[in-house]
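Below: the structure, in structure tokens.
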Amino acid sequence: MNTINRRSLLLAGLGLVGGGALAACSSTKSGSAELVDPSGSAVAAAESRRATGGSERTVELTAAATPVDLGGLTVNTWTFGGQLPGQEIRLTAGDTLVAQLANTLAAPTSIHWHGLSLRNNMDGVPPVTMREVPAGGGFGYRFVADRPGTYWYHPHVGVQLDRGLYGPLIVEDPHEPMKYDDEWVVVLDDWLDGVSGTPDEAFAELSKGMGGMGGMNHGMGGMDHGSGGMGMGQSPSSTGGMAMRFMLMGATSPLLGGDAGDVNYPHHLINGRLPTAPAVKQAKPGARVRLRIINAGGDTAYRVALAGHKLTVTHTDGYPVEHQEVDALLLGMGERYDVLVTLQDGVFPLVSLAEGKNATGTALIRTGSGGAPAPSFRPTELDGRLLTADQLRADASVRLAARTPDVTHRLQLTGTMAGYDWSINGRRFDMDDPAAGAFLVGQGRRVRLEFTNAGQMWHPMHLHGHTFQVGDSGPRKDTVIVKPKQRVVCDFDADNPGQWMVHCHNAYHGESGMMGLVAYRA
């Protein structure tokens with residue numbers, strides 16, 4: 001069934017269509033345990049404790065079907081306000097965001113505020129924390145943003161985030177300790193909408209899996225790709241009778257542990273622009289610039305470098321780390337990194353290499369005269385010292401105090417390309433019963449999530465409403481890459497009551513079923 005129709009029918013059955021906030025529902029249960037209501041008193045009390053004293057920032061976001069110029073190529077897609085990325089929302093920590101969503105699409109939608117620790121009923125996740133916002137409807141989001149950092153917003157309905165429905169959200173530190181002259185928000189994206197089809201069509205094809213491809217497992221033990229370069233344009237006879245428009249074959253990366261991705265994207269964008277017509281940042285030679293880099297892609301990890309420059313990594317997912325100087329860094333979907341760079345004199349390409357997919361996005365930083373390199377230019381820095389999150393240490397100011405976990409939840413990441421049956425602990429998320437199999441936590445407890453990847457595909461795992469610490473002293477993050485056959489341990493303090501999603505931020509894996517619920521007991 002079409003993703004949108006499936007969700008709409010579910011919500012109609014629950015009596016939620018036409019909506020916005022959920023009515024109080026304190027009887028929500030997981031097994032015999034009652035769960036904290038997303039709109040209940042515990043959530044309201046937590047919101048009242050957030051640092052305030054700031055101002056209100058009011059924005060209007062209109063979800064609409066619009067044409068967008070990617071730089072000489074106009075596509076029909078869905079956007080917020082007709083621009084790509086959507087408008088930058090900028091707050092100061094302690095401010096209250098008042099965001100009014102108007103949905104002019106022919107489909108329901110929502111807005112999730114990725115990475116923010118906010119009140120549960122504003123998290124934008126149907127049907128857990130709110131109703132879908134129906135076609136022609138609207139919803140008002142209101143919450144305190146009390147933690148500085150680089151965040152972003154996108155829908156949490158179907159695979160809508162793989163259209164143009166996303167934008168950056170920056171929360172500034174009123175006592176910013178770093179010194180820099182300028183900053184640039186850089187949004188990376190993989191693009192197919194309006195070119196090879198739509199994300200819903202891509203998901204429909206992927207959902208069929210590879211079981212009908214004439215037994216073409218190529219010795220891959222579950223058909224998790226690795227088929228020797230077969231890609232878009234292959235004939236049905238060469239793919240076991242299945243004509244493929246979207247499924248990507250043969251994309252591999254040792255850095256990601258093998259298979260690099262599922263989806264064949266015609267284009268890779270930086271700030272909504274093609275490499276042939278890149279976004280340009282004007283600056284002065286010698287300027288110290290903060291780059292806030294966001295991976296808004298649906299299925300692509302990016303290796304990022306600025307030609308002729310070193311990057312000093314200062315933050316990941318909004319939280320400070322011990323600084324490291326590198327040539328390049330890797331971002332999975334949903335991850336963010338802040339870096340400082342001192343600019344030289346000239347024209348320098350900022351390049352996002354689609355890891356394992358042999359394609360790039362490009363933007364330019366211009367501080368002087370000179371021509372731009374060819375759109376296909378790849379700086380040598382991409383093959384220099386590369387940073388991944390496991391090499392980072394949290395800054396002492398945000399490192400969790402040592403503490404034995406009160407509860408440990410083991411999340412085995414399961415599924416194969418053969419059935420496209422992505423799941424957690426062998427259970428595909430049930431939209432009819434979101435609380436089934438929930439990972440239960442108690443207020444004030446130290447919680448450990450152990451992610452174990454049993455398959456052959458990497459997964460960027462994202463937790464809503466909280467920031468965990470990776471390992472004993474690793475970075476504070478909300479999204480972490482879990483490679484095949486890898487175990488990643490993440491600890492967090494249960495200090496934000498409600499019902500929170502934990503899921504793979506590959507849009508297609510999550511929608512297929514690799515989602516779960518971290519829920520507070522009432």
Seminar exercise, completed: Output for Cβ contacts, cut-off 7 Å, separation at least six or different chains, first residue over 21 Å from Arg476 (Cβ atoms) in the range 299-327, second of a type in the set (A, V, I, L, M, F, W, C) and open to solvent by 30 Å² or more (accessible area, probe 1.4 Å), reads Arg303/Leu386; Asp327/Leu386
Exercise. Within the set of pairs 6 or more residues apart or between chains, which connect a residue that is closer than 24 Å to Thr276 by Cβ and in contact (Cβ under 8 Å) with a residue 60 or more places away in the chain inside the range 65-92 to a residue that is open to solvent by 20 Å² or more (accessible area, probe 1.4 Å) and not in a loop (DSSP other than H, G, I, E, B) with Cβ atoms less than 6 Å apart?
Worked result: Gly71/Arg273; Asn76/Pro67; Trp78/Ala65; Thr79/Thr66
Problem set entry | Candidates Gly444, Gly437, Gly465 - the one that is part of a loop (DSSP other than H, G, I, E, B), closer than 21 Å to Pro38 by Cβ, under 18 Å from the mean Cα position of the chain (by Cα) and not hydroxyl-bearing (Ser, Thr, Tyr) | Gly465
Exercise. Among the residues of the range 416-425, is there at least one that is farther than 27 Å from Lys208 by Cα and not in a loop (DSSP other than H, G, I, E, B)?
Worked result: no
Exercise. Looking at the range 284-298, which of its residues are under 29 Å from the mean Cα position of the chain (by Cα) and assigned to a loop (DSSP other than H, G, I, E, B)?
Worked result: Ala296, Gly297, Gly298
Exercise. Got a number for residues in the range 305-338 being under 22 Å from Asp189 (Cβ atoms) and either more than 19 Å from the chain's Cα centre (by Cα) or open to solvent by 10 Å² or more (accessible area, probe 1.4 Å) (or both)?
Worked result: 7
Problem set entry | the range 157-186 - residue that is open to solvent by 40 Å² or more (accessible area, probe 1.4 Å) and part of a strand (DSSP E or B) and, of those, nearest to Ser55 (Cα to Cα) | Glu172
Exercise. Based on what the data block shows, is Ser253 among the small types (Gly, Ala, Ser) and modelled with pLDDT of 95 or more?
Worked result: yes
Exercise. Can you tell me which residues in the range 394-412 are surrounded by 12 or more Cβ atoms within 10 Å (Cβ to Cβ), assigned to a loop (DSSP other than H, G, I, E, B) and among the hydrophobic types (A, V, I, L, M, F, W, C)?
Worked result: Val398, Leu400
For this session: Working only within the range 447-461, note down all residues that are in a strand (DSSP E or B) and either surrounded by 24 or more Cβ atoms within 10 Å (Cβ to Cβ) or on the phi > 0 side of the Ramachandran plot (or both).
Result: Leu449, Met457, His459, Met461
Exercise. Is the range 482-500 home to any residue that is surrounded by fewer than 17 Cβ atoms within 10 Å (Cβ to Cβ), touching a residue at least 24 places away in the same chain (Cβ under 8 Å) and of a type in the set (A, V, I, L, M, F, W, C)?
Worked result: no
For this session: Only residues that are β-branched (Val, Ile, Thr) and farther than 30 Å from Leu248 by Cα: list them for the range 406-457, please.
Result: Val407, Thr408, Val441, Val447
Problem set entry | Matching residues, the range 368-384, being surrounded by 15 or more Cβ atoms within 10 Å (Cβ to Cβ) and at pLDDT 95 or above | Arg378, Pro379, Glu381, Leu382
Exercise. What single numbered condition from (1) touching a strand residue (DSSP E or B) at 6+ places or on another chain (Cβ under 7 Å); (2) farther than 19 Å from Leu255 by Cα fails to hold for Gln344?
Worked result: (1)
Exercise. Counting only residues that are in contact with a Leu (Cβ under 7 Å, 6 or more places away or on another chain) and of a type in the set (D, E, K, R), how many does the range 55-105 have?
Worked result: 1
Problem set entry | the range 138-156, residues that are open to solvent by less than 20 Å² (accessible area, probe 1.4 Å) and either assigned to a helix (DSSP H, G or I) or more than 22 Å from Gly510 (Cβ to Cβ) (or both) | Phe143, Val144, Ala145, Gly149
Seminar exercise, completed: Within the range 354-367, the residues that are over 14 Å from Leu306 (Cβ atoms) and either in a loop (DSSP other than H, G, I, E, B) or open to solvent by 50 Å² or more (accessible area, probe 1.4 Å) (or both) are Glu355, Gly356, Lys357, Asn358
Exercise. Looking at (1) within 21 Å of the chain's Cα centre (by Cα); (2) open to solvent by less than 80 Å² (accessible area, probe 1.4 Å); (3) more than 15 Å from His503 (Cβ to Cβ), can you tell me which one Ile424 breaks?
Worked result: (3)
Exercise. Can you name every residue in the range 118-137 that is outside any loop (DSSP other than H, G, I, E, B) and either open to solvent by 20 Å² or more (accessible area, probe 1.4 Å) or closer than 24 Å to Tyr520 by Cβ (or both)?
Worked result: Asn120, Asn121, Met122, Met130
Seminar exercise, completed: Filtering strands (runs of 3 or more DSSP E) wholly in the range 26-96 for at least 1 residues that are over 29 Å from His267 (Cα atoms) and within 23 Å of the chain's Cα centre (by Cα) gives 56-69, 89-92
Problem set entry | Verdict on Pro108 being within 30 Å of Gly197 (Cα to Cα) and without any contact (Cβ under 8 Å) to a residue 24 or more places away in the chain | no
For this session: Please go through the range 260-289 and pick out each residue that is open to solvent by 10 Å² or more (accessible area, probe 1.4 Å) and over 19 Å from Ser376 (Cβ atoms).
Result: Lys281, Gln282, Ala283, Lys284, Pro285, Gly286, Ala287, Arg288
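The values are calculated or read from the model by the stated rules, or taken from the named source; none is laboratory data. Please read all numbers here as calculations on a predicted model, not as lab measurements. Quick reminder, even Gly has a Cβ in these numbers, built from the backbone with ideal geometry, and neighbours come from all protein chains shown. All accessible areas refer to the heavy atoms of the entire protein, side chains included, with ligands and DNA or RNA removed. Shrake-Rupley method; radii C 1.70, N 1.55, O 1.52, S 1.80 Å.
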